[in-house]
Amino acid sequence: MQKKIQSALISVFYKDGLEPLVKTLNEQKVTIYSTGGTQKFIEDLGIKCVPVESLTSYPSILGGRVKTLHPSVFGGILGRRDNAQDMQEMKDFNIPEIDLVIVDLYPFEETLKQTKEEKLIIEKIDIGGPSMIRAAGKNCKDLVVIADREDYARLVELLESQNGETSFEQRKTFAAKAFEVAMNYDIAINNYFNGTILQPLKNKKTMRYGENPHQQGSFFGDLTEVFTQVNGKELSYNNIVDIDGAVQLATEFTEEQEAMFAIFKHTNVCGIAIRKTLKEAWDAALAGDPESAFGGVIITNKTVDEATAEAISELFFEVLIAPSFDEDALAILKLKKNRIILQIKENAPLATTSFKSVLNGTLVQEIDKGNFEQWKEVGGRETTQAERGDLTFANLVCKHLKSNAIALIKDKQLIGKGCGQTSRVDALRHAIEKAGQFSFELKGAVLASDAFFPFDDCVKLAHNEGIEAFIQPGGSIRDKDSIAYCVEHKLAMVITGQRHFKH
């Protein structure tokens, strides 16, 4: 059913983008009710505005905490136009019909980013705004609710093209958006009070498809807070999944450390190395598995220079992520228009919680943080200084491989990995095979396992290939088997006390 807007209640914190909408309403002879700063903004445009106080007979009180919470306001929003009793009661109490509610919410999340002072945060919990959103959304059969300034232009378009009228489907669409705004606002407040990290569902972006072309896919969030995209096509569902994995790995390293380059494929790191220069790091990372690197997501902790850009460009890759790029390097990288180049922002907000839909619910957990809780030498000899560096690096790399996972590292370079296997010994066999495929000598390499060795089969197999230093979380009742083997054969073994399963 078409409904003509004849009255509007406007109360917003942010005024940007509001002027064209207010002018359109005025041109269409709509009676405008407003409060405080919004009222002043409208009147400064030379447009008549009825103060909400004239409806409620109360001024804004309690420091602005109470302005619109009154039957004269909510009656005008909730009154059912097709209900004779509602209409009679509105008439009896001089409650005007309100056909349009335009409201935004106090900047609670923005305040959280700016201060830790509880008093300031609490004052940015909006009460009247969410209440009006819910009331207007509930009565969308009779009125329009706008809760996002991005929708101002759309409403202007409808008012001008439909002579101030809206259809029920249009009103329902605006209401759905308004309830989404209110929901995400409540999630932010919940997270602040309870420390429970619920995932907001905002800024929905519909993707071409999900993991596969026959699956629908969407992204909720704002990637512009994390990256500046300086080149390339639109990110796909799978791109975002791999980028997330790459960035989670990169957070283990800082720009102040030596140059790191990593190559990600299907959420697994398939090549990574640390070297003195970025070009050397790239060459070593690629050499670890040049076959898997094709079409991958690559990431570094350093500014990409011209020489490295030329080397990278020899490989087909989907995405490159770096903190910055030299001008000459960027010119080279941009030669292929579809190549996605992302500049990660300093102190970019990253996920601290992971979510997985399962059965009839959702699994929620913290992101896996840290490398090891302890460094307990339990083998037949102490680790050397070089081994300690490689073992520390190996354990981090293993953390970013799907379980069951084994990482073989030599001189801060991934030379073999086994991931996503149903048995740990199979993961090791796969890692050894990968190292052999690209002619790496395993003598002097170290091995990291994402979980304990329940038997001594893995250390025996690795030792036979020349590996003499191991790192694992421990915790099995059969730890003694692998430890005994290491003691007998004078091999180094470190137990960390921290498992890194990744299912």
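The values are calculated or read from the model by the stated rules, or taken from the named source; none is laboratory data. Everything quoted here is computed from the prediction, not taken from an experiment. Every residue, glycine among them, receives a Cβ derived from its backbone with ideal geometry; neighbour counts consider all protein chains shown. Keep in mind that these areas ignore ligands, DNA and RNA; they rest on the heavy atoms of the full protein, side chains included. Shrake-Rupley method; radii C 1.70, N 1.55, O 1.52, S 1.80 Å.
Points to keep in mind about this one:
- Straightening the chain between R381 and D411 buys 8.8 nm, computed as 0.36 nm per residue apart minus the Cα-Cα spacing.
- One equal scatterer on each Cα of the range 294-368, no solvent, Debye formula: the resulting log10 I(q)/I(0) at q = 0.18 Å⁻¹ is -0.75.
- Histogram of C-alpha separations across the chain, 20 Å bin width, %: 20, 38, 26, 15, 2
- Max-minus-min Cα coordinates of the range 113-179 on each principal axis give 47, 23, 15 Å, with the largest extent listed first.
- Extended-chain gain in nm, criterion 0.36 nm per residue less alpha-carbon gap, V230 and A348: 40.8 nm
- Surface accessible to a 1.4 Å probe, per residue, for the residues of the chain, Å²: 50
- Ordered from longest to shortest, the equivalent ellipsoid semi-axes for the range 192-243 are 23, 16, 9 Å, each the square root of 5 times a Cα gyration tensor eigenvalue.
- ³J(HN,Hα), Karplus 6.51/-1.76/1.60, whole Hz, each residue of the range 290-300, x for Gly, Pro: x, 6, 5, 5, 4, x, x, 9, 10, 8, 9
- Computed E for L359/Q199 - FRET, C-beta separation, R0 25 angstrom, nearest 0.05: 0.90
- Solvent exposure ordering (accessible area, 1.4 Å, most first) of M87, M493: M87, M493
- Angle between the chain longest axis and helix 278-288 axis [Cα atoms, degrees, rounded to 10]: 70
- The solvent-accessible area of K334, taken with every protein chain present and a 1.4 Å probe, is close to 90 Å².
- Inverse of mean 1/r across different Cα pairs in the range 246-350, Kirkwood, Å: 13.4
- Using a Förster distance of 35 Å, the FRET efficiency for E327-V241 (Cβ separation, nearest 0.05): 0.70
- Taking only the C-alpha atoms of the range 351-503, the Rg (one decimal) and the largest Cα-Cα distance, Dmax (whole number), read 15.3, 51 Å.
- Computed over the range 1-108, the ratio Rg/Rh where both radii use C-alpha atoms and Rh is Kirkwood: 0.97
- Filter on K67/K202; K276/K376; K265/K334 - keep pairs with C-alpha separation over 26 Å: K67/K202; K276/K376
- Gyration tensor (Cα) of the range 161-234, equivalent ellipsoid semi-axes in angstrom: 26, 24, 14
- Counting 0.36 nm for each residue step from T303 to K113 and taking away their Cα separation leaves a gain of 65.6 nm.
- The packing ranking, built from the mean of other Cβ atoms within 10 Å per residue, places the peptides 201-213, 374-386, 122-134 in the order 122-134, 374-386, 201-213, highest first.
- Counted over the chain, the DSSP beta bridges are approximately 60% antiparallel.
- Over the chain, relative contact order from alpha-carbon pairs under 8 Å, at least 6 apart, %: 9
- Note on D222: accessible area approximately 60 square angstrom, rounded to 10, probe 1.4 Å, nucleic acids and ligands left out.
- Over all orientations, the range 40-155 has a Cα convex hull whose mean projected area works out to 8.9 square nanometres.
- Translational diffusion of the range 96-145, estimated by Stokes-Einstein from the Kirkwood radius over alpha carbon pairs at 20 °C in a medium of 1.002 mPa s, is 175 µm² per second.
- Figure legend: label point modelled 7 angstrom from the Cα of L120 along Cα→Cβ; no residues of the range 11-50 have amide N under 11 Å from it.
- Relative frequency of Cα-Cα separations exceeding 11 Å in the range 159-203, percent: 70
- For the range 65-111 versus the range 250-281, the spacing of their alpha-carbon centroids is 57 Å.
- Taking only the Cα atoms of the range 428-503, the ratio Rg/Rh comes out at 0.96, with Rh defined as the Kirkwood radius.
- Average projection area in nm² (convex hull over Cα atoms of the range 365-420, one quarter of hull surface): 4.7
- Estimated FRET transfer efficiency when R0 is 51 angstrom, pair E314-S218 (beta carbons, to 0.05): 0.90
- Residue-averaged 222 nm ellipticity for the chain, from DSSP H runs of 4+ at -39500 (n - 2.57), nearest 500: -11000 deg cm²/dmol
- Between 0 and 90°, nearest 10: helix 128-138 axis offset from the chain longest Cα axis: 80
- Placing pseudo-labels 7 Å out from each Cα toward the beta carbon at M87 and Q437 gives an inter-label distance of 7.5 nm.
- Summing Cβ point charges (Lys, Arg +1; Asp, Glu -1) relative to the Cα centre of the chain gives a dipole of roughly 980 debye.
- Mean projected area in nm² (Cα convex hull; one quarter of hull surface) for the range 65-131: 5.2
- Surface share of carbon and sulfur [accessible, 1.4 angstrom probe, percent] for the chain: 51
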